[in-house]
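Student: The structure under discussion is supplied below as structure tokens; questions concerning it will follow.
The values are calculated or read from the model by the stated rules, or taken from the named source; none is laboratory data. Note that the coordinates shown come from a computational prediction; the quantities given were computed from them, not determined experimentally. All Cβ positions, even for glycine, are placed from backbone atoms using ideal geometry, and neighbour counts span all protein chains on display.
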Amino acid sequence: MHRPIICLLLSLAFMAMANASEPIAAWPHKTYYRYIEVEGQRTFYREAGDTNRPTLLLLHGFPSSSHTYRELIPLLSGHYHIIAPDYLGSGYSALPASGQTPVTFDRLAEHIAAFTEQLGLQRYSLYIQDFGAPVGFRLMQLQPERLQALVVQNANAYLQGLTPSRLAFFEQAHRDRSSANLLRLHGLTTAEGVRNQQYLRDVAAHPERMSPDAWTHDLLALADASRQQVQVQLFQDYWKSIEAYPQWQAFLRKRQPPTLVVWGQNDPAFISEGALAYQQDLPTAQIHLIDAGHFAVEEQPVMLAKHVVGFMQGLEQQGRLVSTPGIAD
């Protein structure tokens, strides 16, 4: 007569064991939308979470801004202090003054370094996606002592992560300054380029995963021709980042930051071999290939959050994460 009760208890025990590895969800904190003057440039950022908790700095890719993290931030903010800036010329941040030198990844990284200085972020973990790699690796080189941990999401630092056609695209963007190629690059900032060649490209089987808010927000910013030009200049500059891959890899080998790689394996441009390559220099890196494309944070924010929180909680338990105060209330 006790067999049903025993079976129920065993089932509950197995369920508890299965879920033991998943981090416990926490209520999100309010996200604040702030501006700060950084070296004379009005810089927008999103901030959420307890400033007495470890900081995670989210760096976005093309064609997006901190808006791409709008679903991830609430999932993380109950656990950590989250900062997500818009680069110069992206989102709500200022355009660089006209007549200045072209926008490059060096320049964006220097600006983000000044941004972290302005906020008083002495220690942080870094989340990089897409263009977040060229900005983020330069930032790590500028502030190596501040980096506590690294989260990589479809962000290349290895040639293995680029298809031959994608590699050829970046080389042509850098070397071919003809009007025809400039027109091609500008095409990536149009509605067709942003909506169909970026956001919807990887979700043909599951278009419902991708919110129209993503491309609608980006296209509002890119309606400004000067902001389109910023993105074109970054495409032209990306080849220098590929040439810098050996330096980035040497940095990883030397510093051995605790690293989590979560990669959308349906990305046809930044392929999953790029995720696995991180283990060449970081043998203890945690690597997860997930059912998503290039914009995994748009498709699978809950899955990403579980991986990130579990990873960072593990580091906390090992005493490898420390908290630094920010400026939020």
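Student: Looking only at residues in region 107-162 that are small (Gly, Ala, Ser) and more than 21 Å from Gln41 (Cβ to Cβ), which one is surrounded by the fewest Cβ atoms within 10 Å (Cβ to Cβ)? Steps first, answer last, please.
Tutor: Narrowing region 107-162 to residues small (Gly, Ala, Ser): 109, 113-114, 120, 125, 132-133, 136, 149, 155, 157, 161.
Narrowing the set further to residues that are more than 21 Å from Gln41 (Cβ to Cβ) leaves 125, 133, 149, 155, 157, 161.
Details: Ser125: 24, Ala133: 26, Ala149: 21, Ala155: 27, Ala157: 26, Gly161: 25.
Looking at the filtered set, the residue picked out is Ala149.
Student: Sticking with this structure for a sec: Please identify the pairs in which a residue from region 149-176 that is over 24 Å from Arg253 (Cα atoms) and touching a residue at least 60 places away in the same chain (Cβ under 8 Å) has its Cβ atom under 9 Å from the Cβ atom of a residue that is among the acidic types (Asp, Glu) and not in a strand (DSSP E or B), counting only partners at least 6 apart or on another chain.
Tutor: Every condition considered, the pairs that remain are Ala173/Asp237; His174/Asp237.
Student: Can we say Pro102 is buried (at least 17 other Cβ atoms within 10 Å of the Cβ) and at pLDDT below 95? Don't jump to the end; show me each part of the working.
Tutor: Numbers: buried (at least 17 other Cβ atoms within 10 Å of the Cβ): no; at pLDDT below 95: yes.
No, not satisfied.
Student: Then there is this: Please work out which residue is nearest to the chain's Cα centre (by Cα), limiting yourself to region 167-201 and to residues that are buried (at least 17 other Cβ atoms within 10 Å of the Cβ) and small (Gly, Ala, Ser).
Tutor: Result: Gly193.
Student: I would also like to ask the following. Within region 28-82, which residues are assigned to a loop (DSSP other than H, G, I, E, B), acidic (Asp, Glu) and over 19 Å from the mean Cα position of the chain (by Cα)? Walk me through it before giving the result.
Tutor: Taking region 28-82 and keeping what is assigned to a loop (DSSP other than H, G, I, E, B), we get 28-30, 39-40, 49-54, 60-65, 70-71, 78-80.
Going one step further and asking which of them are acidic (Asp, Glu), we end up with 39, 50, 71.
Once the filter is applied, which keeps residues that are assigned to a loop (DSSP other than H, G, I, E, B), acidic (Asp, Glu) and over 19 Å from the mean Cα position of the chain (by Cα), region 28-82 yields Glu39, Asp50.
Student: Let me ask something else. List every residue pair whose Cβ atoms lie under 6 Å apart, where the two residues are 6 or more positions apart in sequence or sit on different chains, the first residue falls within region 220-243 and is more than 16 Å from Glu192 (Cα to Cα), and the second residue, located anywhere, is modelled with pLDDT of 95 or more and polar (S, T, N, Q).
Tutor: As it stands, the answer is Asp237/Thr104, since those pairs meet every condition given.
Student: Can I ask one more? Test Val230 against the criterion of being at pLDDT 95 or above, touching a Gly at 6+ places or on another chain (Cβ under 7 Å), closer than 15 Å to Val297 by Cα and among the β-branched types (Val, Ile, Thr), and give yes or no.
Tutor: So Val230 fails the test.
Student: It is to be established whether one or more residues within region 253-266 are farther than 22 Å from Ser125 by Cα, out of contact with any helix residue (DSSP H, G or I) (no Cβ under 6 Å at 6 or more places or on another chain) and touching a residue at least 40 places away in the same chain (Cβ under 8 Å). Show your work before the answer.
Tutor: Initially, region 253-266 is screened for residues farther than 22 Å from Ser125 by Cα, giving 265-266.
Keeping just the survivors that are out of contact with any helix residue (DSSP H, G or I) (no Cβ under 6 Å at 6 or more places or on another chain) gives 265-266.
Subset that is touching a residue at least 40 places away in the same chain (Cβ under 8 Å): 266.
Taking every residue of region 253-266 in turn, at least one turns out to be farther than 22 Å from Ser125 by Cα, out of contact with any helix residue (DSSP H, G or I) (no Cβ under 6 Å at 6 or more places or on another chain) and touching a residue at least 40 places away in the same chain (Cβ under 8 Å).
Student: Evaluate region 250-258: report whether one residue or more is out of contact with any Pro (no Cβ under 7 Å at 6 or more places or on another chain), under 18 Å from Phe62 (Cβ atoms) and of a type in the set (D, E, K, R). Walk me through it before giving the result.
Tutor: Keep residues of region 250-258 that are out of contact with any Pro (no Cβ under 7 Å at 6 or more places or on another chain), which gives 250-254, 256-258.
Checking which are under 18 Å from Phe62 (Cβ atoms) leaves us with none.
Looking for residues that are out of contact with any Pro (no Cβ under 7 Å at 6 or more places or on another chain), under 18 Å from Phe62 (Cβ atoms) and of a type in the set (D, E, K, R), one finds none in region 250-258, hence no.
Student: Would you be able to say whether some residue in region 43-64 is within 27 Å of Lys306 (Cβ to Cβ), out of contact with any Asp or Glu (no Cβ under 7 Å at 6 or more places or on another chain) and either at pLDDT below 95 or surrounded by fewer than 10 Cβ atoms within 10 Å (Cβ to Cβ) (or both)?
Tutor: no
Student: Looking at this structure, is Trp239 more than 21 Å from Thr104 (Cα to Cα) and among the aromatic types (Phe, Trp, Tyr)? Break it down into steps so the answer makes sense when it comes.
Tutor: Details: more than 21 Å from Thr104 (Cα to Cα): no; among the aromatic types (Phe, Trp, Tyr): yes.
No; evaluated as a whole, the condition is false for this residue.
Student: Looking at the structure I just gave you, is Trp239 within 20 Å of Val151 (Cβ to Cβ), at pLDDT 95 or above, buried (at least 16 other Cβ atoms within 10 Å of the Cβ) and not aliphatic (A, V, I, L, M)? First the steps, then the outcome.
Tutor: Values: within 20 Å of Val151 (Cβ to Cβ): no; at pLDDT 95 or above: yes; buried (at least 16 other Cβ atoms within 10 Å of the Cβ): yes; not aliphatic (A, V, I, L, M): yes.
So Trp239 does not fit the description; no.
Student: Exactly one of (1) assigned to a loop (DSSP other than H, G, I, E, B); (2) in contact with a helix residue (DSSP H, G or I) (Cβ under 8 Å, 6 or more places away or on another chain) is unmet by Asp237. Its number?
Tutor: Checking Asp237 against (1) assigned to a loop (DSSP other than H, G, I, E, B); (2) in contact with a helix residue (DSSP H, G or I) (Cβ under 8 Å, 6 or more places away or on another chain), the one that fails is (1).
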